[in-house]
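Below: the structure, in structure tokens.
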Amino acid sequence: MAEKSSPVFSRRLLLSSAGAGGAGLAVGALAHAAFGSQLEPAAKKVADVVDCHGQHQAGITTAAQDRMHIVGFDVVTEDRAKLVAMLKEWTAAIEAMTQGKEVGEGGAASGSYDAPPTDTGEAVGLSAANLTVTIGFGRSLFTDGKKSRFGLEGKLPEALIELPHFSGDMVEEERSHGDIVVQACANDPQVAVHAIRNLSRIGFGTVRVRWSQIGFGRTSKTTSDQQTPRNLFGFKDGTANILADDAEALDKHVWVGEGATDQPWMVGGTYMVARRIRMQIEVWDRAALREQENVVGRIKSTGAPLSGGEEFTAPDLAMAGSNGPIIPADSHVAMLHPSKHNGVQMLRRGFNYTDGSDGLGRLDAGLFFIAFVVDARTHFVPLQKAMSANDAMNEYLRHTSSGLYAVPPGITQGQYLGQQLFES
Amino acid sequence: MKKLLAPAALLAIGALSLTGCTDNTASADAAGDGAITVNASDDACTVSTNTAPGGTLKFNVKNEGSKVTEFYLLAEDGLRIVGEVENIGPGVSRDLVVIAPEGKYFAACKPGMVGDGIRSEFTVTAAKDGAAVSADRAALQKTAVDQYAAYVKDQSEQLLRGTKEFAAAFAAGDEAKAKKLYPEVRMHWERIEPVAESFGDLDPILDAREADLEKGDEFTGWHRAEKDLWAPEGYKKMSQKERQEIADGMVENTEELNTRAQKLEFTPDKLANGAKELLDEVATGKVTGEEETFSHTDLWDFQANLEGAKIAYEDLAPLLDGTEDELNKQLKENFASLQKQLDAYRVGEGFKFYNELSKDEVQELAAGVDALSEPLSRLTAAVVK
């Protein structure tokens, strides 16, 4: 990995290969302090590199990383060639960064002394930290509401709808939507932020940042060997998520198949729903454990459904309790159970966030909800409708942003992200 | 907090290196805190002891059976419930905390939630150190809920009377009168808001804000009238016919609400949770100025929420005497100080409009609400035992 002849610079230093996953940061730091240079560089190769090429984009079924920086861009030019050029440049930068390499020819500190470095430099010395960068296109990229943009006539998928206003929504436009979404996930927050920062920089003149959000802890698991994390309500979240090895469920609920779209360029892609859900943290913290468990429908300590068993025991929604079902009908589990929604499931990949405090001394914190679905019209809108109308959890939530994006399929070496859309 | 954010591998390492320092998990062990353990199965109810000294008793009930179970502590007559815990799912543990004076009792598990349950005698001996244990908590609880039920009935009747008056003025286009009545009448609603909200069908018709609706929902009730009276720029006022429809709907649905409110039955936990919810309403809707978007009469609502919570607390306060004196004192003080804060904004018979408050003033109010809400959230556990 220590290429010296390549003009592309590797940022790599020592990092334990055992440090793949979230532990990498802390363990790596400890190891650094304790063992210094004793670690053999060769032993640590590619342990935390996720290939950005493939049939699907990375960052969807990839084992959920611990940190995220996601950003919504608006395209400021109407020049299609300029947009495509930027996507090519982004792709090259993403290919470098996901391998733990520096962006651009001169990297962070080897270019002209009289020019700003091509890489911003804050990730020098850090590994790739399982960085993935996933891009998606918003409805507004295709049309300004009256006419199409960038010559994309006829390319707008039917499934890329405008999400409706759900009961109780307090969506802030300046935190929502956007022409392009870029999700960077990594096990090191600095690596994720570095990725977004460098892509934004490359994009100046072509795109401008509309909104961005940092997530500091994953709230779902996407592989069976990951532990189910807890959200800021203190409950395990994503117990019933679709996992990376469940090919059948992925084909059914996540990946757009050939027969399932009016847009051939979307085959192998998916749709991303992103919503910033602020939690009324202080009010929740004052709710009795009884209330908390009845709202969620699960035991707080173990994650088991209120109908008994352990975390992965299927909830028994029919089991009678002292007053109605033991899992209350308006609990989150009962309300969103696939059995109530024609069996549909989502691949959820959200993150806990906090943006400090609001002006009233309360945490501005919650869940940055991200879900990947084959079609939001069947896999998200009906569920969110049911939830916003009747879910007992609503009382503690406030949806402050909303976005739906068409995530194009993955690419092979030599292609650029979004090529299927622009060259089909 | 930190623990929740740490990935699994780090947790494991942390646990190893911390061994020998502290053991945070020990206190969660039921056996460690003097609890009486109850092993409930589908056909047995094994209580770890059949006697305990008077005072606060804690039963840790573990359902080892396959059916949902309940656990009861019954008085000597085998009928009166001293304490109960319901909805214990298979494999689940729940605690029952009761204050019991010297006497004879029955402990009972009810697997499947049917029949008389599996009973065994349970004896409470004299309290340790000769401490007095109130023998009439049940009577105190009954007094509390009866008093509160009477309050709800009264407020609901006044709400109906006021709504009729408001509706008539609004329909007739007497804006000055309707605007004066609006915050005053709403106070009756806000005093018993958790009760009103418990009628899930009526609440959205009467009290929904525009943002609460989704496409296709009809915007009706108080906030519909509010928007028309304090019309925002670019808003097209309703016709007389439209106003009449809104007014009629408000009266009709409030009549239904009042009919139902007269028949409501309460329990101590409902009172205490209701008081807490009223403060939650203040914290999430009033302090932020979101409840009364157009009229900015949020402080009337704030005052009413506070009064409603205080009534519930005062009805329950005798249950705190001698058992939770510190909590009682704290609540009394914090209710008084928040009221004092609010009194600073009184203007005549009403209040300042919320958009006239400075940022600092709003922050102070928010801090006062938090200061009261925190001890108030401990009231339920203190009164149900």
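Among the residues of region A:203-238, count how many are more than 11 Å from chain B (Cβ to nearest Cβ), surrounded by fewer than 21 Cβ atoms within 10 Å (Cβ to Cβ) and in contact with a helix residue (DSSP H, G or I) (Cβ under 9 Å, 6 or more places away or on another chain).
Of the residues in that region, 7 qualify.
Looking only at region B:61-82, filter to residues that are farther than 24 Å from A:LEU317 by Cβ and surrounded by fewer than 20 Cβ atoms within 10 Å (Cβ to Cβ); which one of those is nearest to the other protein chains (Cβ to nearest Cβ)?
Here the residue is B:ILE81.
Go through region A:153-180 and give me each residue that's crowded, with 16+ Cβ neighbours inside 10 Å and away from chain B (no Cβ under 14 Å).
Of everything in region A:153-180, those that are crowded, with 16+ Cβ neighbours inside 10 Å and away from chain B (no Cβ under 14 Å) turn out to be A:LYS155, A:LEU156, A:PRO157, A:ALA159, A:LEU160, A:ARG175, A:SER176, A:HIS177, A:GLY178, A:ASP179, A:ILE180.
How about region A:143-152: which of its residues are touching a residue at least 40 places away in the same chain (Cβ under 8 Å) and either surrounded by 11 or more Cβ atoms within 10 Å (Cβ to Cβ) or outside any loop (DSSP other than H, G, I, E, B) (or both)?
A:ARG149, A:PHE150, A:LEU152
Which pairs turn up if I take residues in region B:224-242 that are under 17 Å from B:THR293 (Cβ atoms) and look for partners that are of a type in the set (Asp, Glu) and not in a helix (DSSP H, G or I) with beta carbon separation below 7 Å, at least 6 apart in sequence or on another chain?
These pairs meet every condition: B:GLU226/B:GLU292.
Could you tell me whether any residue of region B:277-295 is away from chain A (no Cβ under 13 Å) and over 17 Å from B:ARG186 (Cα atoms)?
No: zero hits.
Of everything in region B:114-139 that's surrounded by 18 or more Cβ atoms within 10 Å (Cβ to Cβ) and not aromatic (Phe, Trp, Tyr), which residue is nearest to the other protein chains (Cβ to nearest Cβ)?
Across region B:114-139, the extreme among qualifying residues is B:GLY117.
Within 13 Å of chain A (Cβ to nearest Cβ), of a type in the set (D, E, K, R) and farther than 22 Å from A:ALA287 by Cβ: is that true of B:ASP269 in this structure?
No: the conditions fail for B:ASP269.
Cβ-Cβ below 7 Å, separation at least six or inter-chain, first residue in region B:200-218 and within 18 Å of B:MET250 (Cα to Cα) and at the interface with another protein chain (Cβ under 10 Å from one of its Cβ atoms), second among the small types (Gly, Ala, Ser) and surrounded by 13 or more Cβ atoms within 10 Å (Cβ to Cβ): which pairs?
From residues that are within 18 Å of B:MET250 (Cα to Cα) and at the interface with another protein chain (Cβ under 10 Å from one of its Cβ atoms), the pairs are B:ALA208/B:GLY221; B:ASP212/A:SER167; B:ASP212/A:GLY168; B:LEU213/A:SER167.
Sort out which residues of region A:54-75 are surrounded by fewer than 23 Cβ atoms within 10 Å (Cβ to Cβ) and assigned to a loop (DSSP other than H, G, I, E, B), and write them in order of number.
Those that are surrounded by fewer than 23 Cβ atoms within 10 Å (Cβ to Cβ) and assigned to a loop (DSSP other than H, G, I, E, B): A:GLY54, A:GLN55, A:HIS56, A:ALA58, A:THR62, A:ALA63.
Among the residues of region B:353-374, write down those that are loosely packed, with under 15 Cβ neighbours inside 10 Å and more than 11 Å from chain A (Cβ to nearest Cβ).
B:ASN355, B:GLU356, B:SER358
Of the conditions (1) at negative phi; (2) surrounded by 22 or more Cβ atoms within 10 Å (Cβ to Cβ), A:ASP364 fails just one. Which one is it?
Going through (1) at negative phi; (2) surrounded by 22 or more Cβ atoms within 10 Å (Cβ to Cβ) one by one, A:ASP364 breaks only (2).
Can you spot a residue in region B:104-122 that is within 20 Å of B:ALA382 (Cβ to Cβ) and of a type outside the set (D, E, K, R)?
no
Taking region A:185-227 only, how many residues are modelled with pLDDT of 95 or more and among the acidic types (Asp, Glu)?
1
For the structure I just gave you, tell me whether A:SER127 is crowded, with 17+ Cβ neighbours inside 10 Å and either closer than 27 Å to A:GLU423 by Cα or away from chain B (no Cβ under 14 Å) (or both).
For A:SER127, the condition - crowded, with 17+ Cβ neighbours inside 10 Å and either closer than 27 Å to A:GLU423 by Cα or away from chain B (no Cβ under 14 Å) (or both) - is met.
Could you please give the count of residues in region A:87-137 that are assigned to a loop (DSSP other than H, G, I, E, B) and of a type in the set (D, E, K, R)?
5
Name the residue, out of A:GLU78, A:GLU122, A:GLU95, that is surrounded by fewer than 23 Cβ atoms within 10 Å (Cβ to Cβ) and touching a helix residue (DSSP H, G or I) at 6+ places or on another chain (Cβ under 7 Å).
A:GLU122
Does B:THR69 qualify as being among the β-branched types (Val, Ile, Thr) and more than 25 Å from B:VAL383 (Cβ to Cβ)?
Numbers: among the β-branched types (Val, Ile, Thr): yes; more than 25 Å from B:VAL383 (Cβ to Cβ): no.
For B:THR69, the condition - among the β-branched types (Val, Ile, Thr) and more than 25 Å from B:VAL383 (Cβ to Cβ) - is not met.
Select from region B:146-203 the residues that are crowded, with 20+ Cβ neighbours inside 10 Å and not in a helix (DSSP H, G or I) and list them in ascending order.
B:ILE192
For the structure I just gave you, tell me whether B:LEU316 is within 13 Å of another protein chain (Cβ to nearest Cβ) and either surrounded by 21 or more Cβ atoms within 10 Å (Cβ to Cβ) or over 18 Å from the mean Cα position of the chain (by Cα) (or both).
no
Could you tell me which of the residues A:ASN294, A:ASN352 is surrounded by 18 or more Cβ atoms within 10 Å (Cβ to Cβ), part of a helix (DSSP H, G or I) and either within 11 Å of another protein chain (Cβ to nearest Cβ) or in contact (Cβ under 8 Å) with a residue 24 or more places away in the chain (or both)?
None of the other options fit; the residue is A:ASN294.
Any residue that is part of a helix (DSSP H, G or I) and either touching a strand residue (DSSP E or B) at 6+ places or on another chain (Cβ under 7 Å) or aromatic (Phe, Trp, Tyr) (or both) - is there at least one of those in region B:206-220?
Among the residues of region B:206-220, not one is part of a helix (DSSP H, G or I) and either touching a strand residue (DSSP E or B) at 6+ places or on another chain (Cβ under 7 Å) or aromatic (Phe, Trp, Tyr) (or both), which makes the answer no.
Just give me the residues in region B:159-173 being without any contact (Cβ under 8 Å) to a residue 60 or more places away in the chain and under 33 Å from the mean Cα position of the chain (by Cα), in sequence order.
Those that are without any contact (Cβ under 8 Å) to a residue 60 or more places away in the chain and under 33 Å from the mean Cα position of the chain (by Cα): B:ARG161, B:GLY162, B:GLU165.
Mind checking which residues of region B:228-237 are under 11 Å from B:PHE170 (Cα atoms) and of a type outside the set (Asp, Glu)?
Hit for region B:228-237 is B:LEU229, nothing else.
Between a residue in region B:264-277 that is surrounded by fewer than 22 Cβ atoms within 10 Å (Cβ to Cβ) and any residue that is of a type in the set (D, E, K, R) and modelled with pLDDT under 90, which pairs come within a Cβ distance under 6 Å, given they are 6 or more apart or on different chains?
Once the first residue is surrounded by fewer than 22 Cβ atoms within 10 Å (Cβ to Cβ) and sits in region B:264-277, no partner that is of a type in the set (D, E, K, R) and modelled with pLDDT under 90 comes close enough.
Could you run through region A:261-280 and say how many residues are surrounded by fewer than 24 Cβ atoms within 10 Å (Cβ to Cβ) and under 15 Å from A:LYS155 (Cα atoms)?
6
Condition first: of a type in the set (Val, Ile, Thr), within 21 Å of A:GLY59 (Cα to Cα) and in contact with a Gly (Cβ under 9 Å, 6 or more places away or on another chain). Now tell me which residues in region A:331-386 satisfy that.
Residues satisfying the conditions are A:ILE370, A:VAL374.
The values are calculated or read from the model by the stated rules, or taken from the named source; none is laboratory data. Small disclaimer: the values here were computed from a predicted structure and weren't measured. Cβ sites come from the backbone with ideal geometry, for glycine too, and all protein chains shown count toward neighbours.
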